[in-house]
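The values are calculated or read from the model by the stated rules, or taken from the named source; none is laboratory data. All figures in this text were calculated on a predicted structure; none of them were measured in a lab. Neighbour counts run over all protein chains shown; Cβ positions are idealised from the backbone, glycine included. Accessible surface areas use protein heavy atoms only, side chains included; no ligands, DNA or RNA. Shrake-Rupley method; radii C 1.70, N 1.55, O 1.52, S 1.80 Å.
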Amino acid sequence: MTDRLYLYDTTLRDGQQTQGVQFSTDDKMRIAAMLDSLGVDHIEGGWPGANPTDSAFFDAAPSTRAAMTAFGMTKRSGRSAENDDVLAAVLNAGTPSVCIVGKTHEFHVRTALDIPLDDNVENIRASIAHLVAQGREALFDAEHFFDGYAADPEYALRCLKAAHEAGARWIVLCDTNGGTLPGDIARIVAEVIASGIPGSRLGIHTHDDMGLAVAGSLAAIEAGVRQVQGTLNGLGERCGNANLVSLIPTLALKEPFASRYETGVPPAALGELTRISRTLDDILNRVPRSTAPYVGASAFAHKAGLHASAIAKDPATYEHVAPDIVGNARIVPMSNQAGQSNLRARLLAMGVEVEKGDPALGRILDRIKAREDEGYSYDTAQASFELLARRELGIVPKFFEVKRYRVTVERRKNKRNRLVTLSEAVVVVKIGDEKKLSVSESLDETGSDRGPLNALSRALRKDLGPYQEAIDDMRLVDFKVRITQGGTEAVTRVIIDSEDGRGRRWSTVGVSPNIVDASFEALLDAVTWKLVRDATPA
């Protein structure tokens, strides 16, 4: 028999505390829909009344299977719960669940709130009782609980019991500063349960200041809590919160959790984790972390030749789970450390089967090593590697030929007499017997210059004749520049990440002493890789 674990997401509230993150109302609506499809039990939408975005979100909150939850704080001293305007704003959001935060560390009560300890306990009790009387599911976030328990366990437990006796459905133990070790979390949770508060009423909320938020959450679950809180991609203040994108597959796939507990996440939703994680990064205009567990681009990358050889025989040799279970994919990167086992495995993943000992394998490896001596890197630019290998094998169709290109950058005054920078690109391509000339500027809809690469990309992709439809959904999502050698011999390496409407993401590389030339080379590879995938040669 399995125990039910409840997943509580706070991306829209605690995740918004991340430095540099500011959700719009539309962003929150999109994220809420993703969370609901993932199968979480609660979606904490924000703090009504704290800012216009949160208030607007609750005014137009989507209908979700998950319990939409408003966040606030306990009533203030000197007034009743019924007459506290901050508590009233949270209730007025109309959500079925309400989570309020209160102090459980005597140091914070004395120092931050500057009120008597007994008053704080009464504020917790009265606030929870008021929520229950209004027919809401009440959750109590016990802020700084683990630090408070270490300093004064008797007082910390008094705060919890006040919420429990007032009818709180969930009492959430918060490691607010993220400094409690997993073993201490497990011990303290066990002691809380022994004090009379059942694990079926307890939750865990950890922060990642030691890099142990997920480990601390798992320790709390094993010790008896039945609700776990976290955020997508581990967003959150300072170092972030427990990462639900790591917790969810661990609970579903790893023992003892997989056989002992069940969540509301259906197997099909597990396969959407990588897409959801990357969509959130896209909304935030952030580059996905390649080393993210389960969903990162490098999570199932096998660079060493020994590893690749073993993987080709049985992926379980170097993979703890199959990548497709979480919607990810296996990568065998190519570099000057690669051997023929790596190469054949990578070619097979491209759909190209080359017999062991084929002379083409040696030519491809020699070409890779020579190019990396020039500054190229195929470790991260997998699409450029694929094109290099296909060219050596003679299986890249000739879609078009670039006859010439030109980029100009001009600094001038606009109609408002302000200095602006404008980039303009001209690209001439030959498709069959026909030449096509395209011109594009780099100004966006706001009139801001997006640089010469933007102008080149627009010009190149403006009119590719019979291949235009295949590249219409393509866009550039990241651009990285590195100087690979110093002094007068310096060359520039450019890595471009591209994405299309199918959610595919690929990287290409260009190298040249001229940054524009390096960028254009990477751009050409990006477009060509897309055409190899989606176009039929004319």
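Checking LEU456 against (1) open to solvent by 20 Å² or more (accessible area, probe 1.4 Å); (2) assigned to a helix (DSSP H, G or I); (3) under 25 Å from LEU422 (Cα atoms), which single condition isn't satisfied?
(1)
Can you pull out the residues in region 24-44 that are touching a residue at least 40 places away in the same chain (Cβ under 8 Å) and outside any strand (DSSP E or B)?
Step one: of region 24-44, the residues touching a residue at least 40 places away in the same chain (Cβ under 8 Å) are 27, 30-31, 34-35, 37-42, 44.
If the condition is that a residue be touching a residue at least 40 places away in the same chain (Cβ under 8 Å) and outside any strand (DSSP E or B), then ASP27, ARG30, ILE31, MET34, LEU35, SER37, LEU38, GLY39, VAL40, ASP41 are the ones that fit.
If only one of ALA138, ALA150, ALA66, ALA112 is among the aliphatic types (A, V, I, L, M) and within 27 Å of the chain's Cα centre (by Cα), which one is it?
Details: ALA138 fails: within 27 Å of the chain's Cα centre (by Cα); ALA150 fails: within 27 Å of the chain's Cα centre (by Cα); ALA112 fails: within 27 Å of the chain's Cα centre (by Cα).
Only one candidate passes the filter, namely ALA66.
For region 418-453, what are the residues that are hydrophobic (A, V, I, L, M, F, W, C), modelled with pLDDT under 90 and open to solvent by 50 Å² or more (accessible area, probe 1.4 Å)?
Our first condition is that a residue be hydrophobic (A, V, I, L, M, F, W, C); within region 418-453, this holds for 419-420, 422, 425-429, 431, 437, 439, 443, 453.
Remaining after also requiring modelled with pLDDT under 90: 419-420, 422, 443, 453.
Correct list: LEU419, LEU443.
Please enumerate the residues belonging to region 251-295 that are polar (S, T, N, Q) and either over 17 Å from ASP324 (Cα atoms) or surrounded by 19 or more Cβ atoms within 10 Å (Cβ to Cβ) (or both).
Applying the first criterion (polar (S, T, N, Q)) to region 251-295 yields 259, 263, 274, 277, 279, 285, 290-291.
Result: SER259, THR263, THR274, SER277, THR279, ASN285.
Can you pull out the residues in region 75-91 that are in a helix (DSSP H, G or I) and in contact (Cβ under 8 Å) with a residue 24 or more places away in the chain? Break it down stepwise before answering.
First, pick out the residues of region 75-91 that are in a helix (DSSP H, G or I): 81-83, 85-91.
Correct list: ALA81, GLU82, VAL86, LEU87, ALA89, VAL90, LEU91.
Per-residue answers, yes or no, for (1) at positive phi; (2) out of contact with any Lys or Arg (no Cβ under 9 Å at 6 or more places or on another chain); (3) touching a residue at least 60 places away in the same chain (Cβ under 8 Å):
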residue: GLY135; (1), (2), (3): yes, yes, no
residue: PRO153; (1), (2), (3): no, yes, no
residue: ARG158; (1), (2), (3): no, yes, no
residue: VAL172; (1), (2), (3): no, yes, yes
residue: GLY183; (1), (2), (3): no, yes, no
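It is to be established whether one or more residues within region 397-408 are open to solvent by 20 Å² or more (accessible area, probe 1.4 Å), part of a strand (DSSP E or B), under 22 Å from SER512 (Cα atoms) and touching a helix residue (DSSP H, G or I) at 6+ places or on another chain (Cβ under 6 Å). Quick ask: steps written out before the conclusion?
Going through region 397-408, the residues open to solvent by 20 Å² or more (accessible area, probe 1.4 Å) turn out to be 397-398, 400-408.
Cutting the leftovers down to part of a strand (DSSP E or B) gives us 401-408.
With under 22 Å from SER512 (Cα atoms) added as a condition, the list becomes 401-408.
In the following step, the residues that additionally are touching a helix residue (DSSP H, G or I) at 6+ places or on another chain (Cβ under 6 Å) were identified as 407.
So far as region 397-408 goes, yes, one or more of its residues are open to solvent by 20 Å² or more (accessible area, probe 1.4 Å), part of a strand (DSSP E or B), under 22 Å from SER512 (Cα atoms) and touching a helix residue (DSSP H, G or I) at 6+ places or on another chain (Cβ under 6 Å).
Which condition number in (1) more than 25 Å from ILE31 (Cα to Cα); (2) of a type in the set (Gly, Ala, Ser); (3) modelled with pLDDT under 95 is the one that ALA268 fails?
Only one criterion is unmet by ALA268, namely (1).
Being touching a residue at least 12 places away in the same chain (Cβ under 8 Å) and either closer than 21 Å to SER498 by Cβ or touching a strand residue (DSSP E or B) at 6+ places or on another chain (Cβ under 9 Å) (or both) narrows it down to one residue among LEU419, LEU456; which is it?
Details: LEU419 fails: touching a residue at least 12 places away in the same chain (Cβ under 8 Å).
Of the residues listed, the single one that is touching a residue at least 12 places away in the same chain (Cβ under 8 Å) and either closer than 21 Å to SER498 by Cβ or touching a strand residue (DSSP E or B) at 6+ places or on another chain (Cβ under 9 Å) (or both) is LEU456.
Report, by residue number, each residue of region 119-138 that is in a helix (DSSP H, G or I), open to solvent by less than 10 Å² (accessible area, probe 1.4 Å) and either of a type in the set (A, V, I, L, M) or within 19 Å of ASN177 (Cβ to Cβ) (or both).
Result: ASN120, ILE124, ILE128, LEU131.
Kindly state which helices (runs of 4 or more DSSP H) lie completely within region 139-238 and contain at least 3 residues that are surrounded by fewer than 17 Cβ atoms within 10 Å (Cβ to Cβ).
Working: elements: 145-151, 153-165, 182-194, 213-223.
Helices (runs of 4 or more DSSP H) meeting the threshold: 153-165, 182-194.
Identify, by number, the condition in (1) in a helix (DSSP H, G or I); (2) over 20 Å from ILE204 (Cα atoms) that THR95 doesn't meet.
(1)
Part of a helix (DSSP H, G or I), open to solvent by less than 30 Å² (accessible area, probe 1.4 Å), out of contact with any helix residue (DSSP H, G or I) (no Cβ under 6 Å at 6 or more places or on another chain) and not hydrophobic (A, V, I, L, M, F, W, C) - does that describe any residue in region 364-385?
Yes - at least one qualifying residue is present in region 364-385.
Go through THR53, THR69 for me and flag whichever is closer than 27 Å to ASP281 by Cβ, at pLDDT below 95 and among the β-branched types (Val, Ile, Thr).
On the way: THR69 fails: at pLDDT below 95.
None of the other options fit; the residue is THR53.
I'm checking my understanding of the structure. Among residues of region 30-77 that are touching a Pro at 6+ places or on another chain (Cβ under 8 Å) and aliphatic (A, V, I, L, M), which one is most open to solvent (accessible area, probe 1.4 Å)?
ALA33
Kindly check whether there is at least one residue in region 310-328 that is over 19 Å from THR380 (Cα atoms), modelled with pLDDT of 95 or more and surrounded by 21 or more Cβ atoms within 10 Å (Cβ to Cβ).
Among the residues of region 310-328, at least one is over 19 Å from THR380 (Cα atoms), modelled with pLDDT of 95 or more and surrounded by 21 or more Cβ atoms within 10 Å (Cβ to Cβ), which makes the answer yes.
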